[in-house]
Amino acid sequence: DTAVSQTPKYLVTQMGNDKSIKCEQNLGHDTMYWYKQDSKKFLKIMFSYNNKELIINETVPNRFSPKSPDKAHLNLHINSLELGDSAVYFCASSLQGRTDTQYFGPGTRLTVL
Amino acid sequence: KQEVTQIPAALSVPEGENLVLNCSFTDSAIYNLQWFRQDPGKGLTSLLLIQSSQREQTSGRLNASLDKSSGRSTLYIAASQPGDSATYLCAVQGTNAGKSTFGDGTTLTVKP
């Protein structure tokens, strides 16, 4: 019954590695998002996809590359991880995007050593 | 650039009190405003969504209002309970590509 799920829940890795976080929603929504919540708990949007098309791409290092194989999935791949990438990454989805409630996943806590 | 501010940053009240959380935003060109709660180490749970054409939304003990012209929203919690303890975030979805901007949150503690 999980609406928006993310894997893994925790990710601990060494600096310089490449890692991926996966997100899936079973709500039939058209729009999916990636947010980053830093150590000060500030939540900031990174990317938004609507029907597999990128519609929001904030000022994020190009080491971060989202991929949407279908509208139920939005994965986040991070190359050459840096210490500053340590944060909690949240995936979210909404029906259409502009007027609809966003539903959040449980988050992935990334720690870069 | 949209900026969202939440006041107070932290609030501690005894059980049973009514309380108000405030959210202000600088750009009134919005589609909607959404209130979330976040429990420690958890994701965000949507509480209320107010469309830009609406003035308020109610759900149980929660009431959220929106004054788009003044760039303000309030979340009213009636008869607070210890289970209400969490961080409350407001998010404004702007008309610029539908981007959501979040406030820093208000951390609420309700003491038994």
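What base-10 log of the normalised intensity I(q)/I(0) is obtained for segment A:4-52 from the Debye formula, alpha carbons as equal point scatterers, at q = 0.28, 0.29 Å⁻¹? Ignoring solvent entirely, the Cα scatterers give -1.22, -1.23. Here r is the Cβ-Cβ distance between B:T109 and B:Y76 and R0 is 25 Å; the resulting FRET efficiency, rounded to 0.05, is 0.90.
With both labels modelled 7 Å from their Cα along Cα-to-Cβ, the A:S65 to A:L83 distance reads 2.7 nm. For segment A:70-113, the calculated P(r) over all alpha carbon pairs, in 10 Å bins from 0 to the bin holding the longest distance, is 23, 42, 27, 8 percent. From largest to smallest, the equivalent ellipsoid semi-axes obtained for segment B:1-65 from the alpha-carbon gyration tensor read 21, 15, 13 Å.
Across peptide A:52-60, the mean count of Cβ atoms from other chains lying within 10 Å of each residue's own Cβ comes to 1.
Over chain B, the ratio between the Cα radius of gyration and 2.2 N^0.38 Å evaluates to 1.02.
Counting, for every residue in B:32-38, the Cβ atoms of other protein chains within 10 Å of its Cβ and taking the mean gives 3.
Derived value for segment B:59-107: Kirkwood hydrodynamic radius 12.6 Å. Basis is the mean of 1/r over every pair of different alpha-carbon atoms.
A Gaussian network model of chain A, with springs between Cα atoms under 10 Å, assigns the largest mean-square fluctuation among A:T59, A:T13, A:T31 to A:T59. The average projected area of segment A:27-91, computed from the convex hull of its Cα atoms over all directions, is 4.5 nm².
Shape analysis of chain A yields a ratio of the Cα radius of gyration to the Kirkwood radius, Rg/Rh, of 0.95.
Peptides B:73-79, B:13-19, B:86-92, B:99-105 ranked from most to least packed give B:86-92, B:99-105, B:73-79, B:13-19, packing being the mean of other C-beta atoms within 10 angstrom over each peptide's residues. Seen from a random direction on average, the alpha-carbon convex hull of the protein assembly as shown projects onto 12.1 square nanometres. Between A:E82, A:E58, A:E24, the residue with the greatest mean-square fluctuation in the GNM of chain A (Cα pairs under 10 Å linked by springs) is A:E58.
No lab work stands behind these numbers, since they all come straight from the coordinates. Bear in mind that the values here come from a model prediction, so they are computed numbers and not experimental data. No Cβ is skipped: glycine too gets one built from the backbone with ideal geometry, and neighbour counts run over all protein chains shown.
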